Each structure stands twice: as C-alpha cells, then as structure tokens.
Amino acid sequence: MKSKIVLSRFVVTAALIAAAYAVLTYVSAALGLAYGNIQFRLSEALNILAAFTPAAVPGLMIGCIIGNIASPFGLIDVIVGTIATGLSAVTIRLLSKVCGKLTPYISILPPTVFNAVLIGLEIVWFLPEGVTWVGFCLTALEIALGEIAVCTVLGIPIYFGAKRHLNGLL
C-alpha cells in the first residue's frame, strides 16, 4: 500500500511540474519570449525543482514537450528542447546531492550550458546563411544570457521558497 502512495505522489508531483512548465512556456510565448535566439522563458526557472524531487525530471521533460508543441521550429524543437531540459534536470538532481548550500547557485549552470549549446545549434541550423561558427557563438550567447537571467531572478527565489515551504512534501 505504501508503494502505491509513493508512486501516486511521484506521478502527481511530476504532472503538476509538467503543467506549470507548459503554462509558463505559453505565457512566455504570449509575451514573445519563448522561442528564438532571445529567450526569457519563465518556465526554465522551474529546473531548480529537480534539486528537491526526482519527479521533477519527467515533469520538466513532459512540460517541455507540451510547451514546445507551439514552437515555430516544430518537431525538432520538441526533441532538442526536451533533451536539453532532461539533461539539465538530471544534472541539477545529481549536483544537488554534492553541492549543499551552493545548490541554488550551481543549478543555474546546467540549463545555461545545455540550452546554449543544443538550442543554439538548433537555431543556427535554420539560419538562411547556414551553420557558421560566428552565428552559433552569438546565438549560444543570447540563449545563455536569457537562461542566466531567468534562472537567477526567478529560479533562486523558487529554490528558497520551495526549501522553506515544500521540502518535506517533495
């Protein structure tokens, strides 16, 4: 019986995170901030939840799939974005085990790096001039700056709020 409760809690937590990620992605899209080389995707701040619960990993990935359905880059963004989000969430989860008090600050790095590289490559792939080193570097930098901004301004407060109010529940 206890294993059913644990599984139910895991599924509900993952579903809530997925729903929040998808909604925040669509809010960002409505503001013109979700897709393209300049992104301030509010949903990316939720990556920090992987530090608290393993349910955040599938939750973030499913939320990314749902959020990227509306992407102008189509199926490729669903696939590449989900891979970047999954790698970020797993890395944050692993880092949270060893970083202690530095976790909220170190957790900014995985989404920044994975999104800058993977989404940066995805976007330059579609540039009219094709893939160029300069185009990739500029796009990766733009993506990285957006990730750093969102994960710092929203992600770190989410971390401390979750730690204070949800730590025992997650």
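The values are calculated or read from the model by the stated rules, or taken from the named source; none is laboratory data. Just so it is clear, the structure is predicted and the values come from calculations on it, not from any experiment. A quick note on method: Cβ atoms are made from the backbone with ideal geometry, for glycine too, and the neighbour counts reach across all protein chains shown. Heavy atoms of the whole protein, side chains included, go into the accessibility calculation; ligands, DNA and RNA do not. Shrake-Rupley method; radii C 1.70, N 1.55, O 1.52, S 1.80 Å.
Observations on the structure shown:
- Per this entry, Ile156 is not counted among residues that are hydrophobic (A, V, I, L, M, F, W, C), open to solvent by 50 Å² or more (accessible area, probe 1.4 Å) and assigned to a helix (DSSP H, G or I).
- In the condition set (1) exposed (fewer than 15 other Cβ atoms within 10 Å of the Cβ); (2) touching a residue at least 12 places away in the same chain (Cβ under 8 Å); (3) not hydrophobic (A, V, I, L, M, F, W, C), Tyr26 is compliant with all but (1).
- When segment 71-83 is limited to residues that are in a helix (DSSP H, G or I) and more than 19 Å from Ala15 (Cα to Cα), the one that is least open to solvent (accessible area, probe 1.4 Å) turns out to be Asp77.
One line per residue, one yes/no per condition, for (1) touching a residue at least 60 places away in the same chain (Cβ under 8 Å); (2) farther than 16 Å from Ala22 by Cα:
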position: Arg41; (1), (2): yes, no
position: Pro58; (1), (2): no, no
position: Gly63; (1), (2): no, no
position: Gly74; (1), (2): no, no
position: Gly86; (1), (2): no, no
position: Ile92; (1), (2): no, yes
position: Leu95; (1), (2): no, yes
position: Gly100; (1), (2): no, yes
position: Thr103; (1), (2): no, yes
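- Residues within segment 54-70 that are open to solvent by less than 10 Å² (accessible area, probe 1.4 Å) and assigned to a loop (DSSP other than H, G, I, E, B), tallied: 1
- Qualifying residue in segment 142-156 (condition: farther than 22 Å from Gly63 by Cβ, aliphatic (A, V, I, L, M) and modelled with pLDDT of 95 or more): yes
- Screening Ala22, Ala15, Ala50, Ala45 for residues that are part of a helix (DSSP H, G or I), farther than 30 Å from Leu138 by Cα, modelled with pLDDT of 95 or more and touching a helix residue (DSSP H, G or I) at 6+ places or on another chain (Cβ under 8 Å) leaves exactly one candidate, Ala15.
- For segment 34-53, taking the residues that are of a type in the set (A, V, I, L, M) and under 14 Å from the mean Cα position of the chain (by Cα), the one that is most open to solvent (accessible area, probe 1.4 Å) is identified as Leu42.
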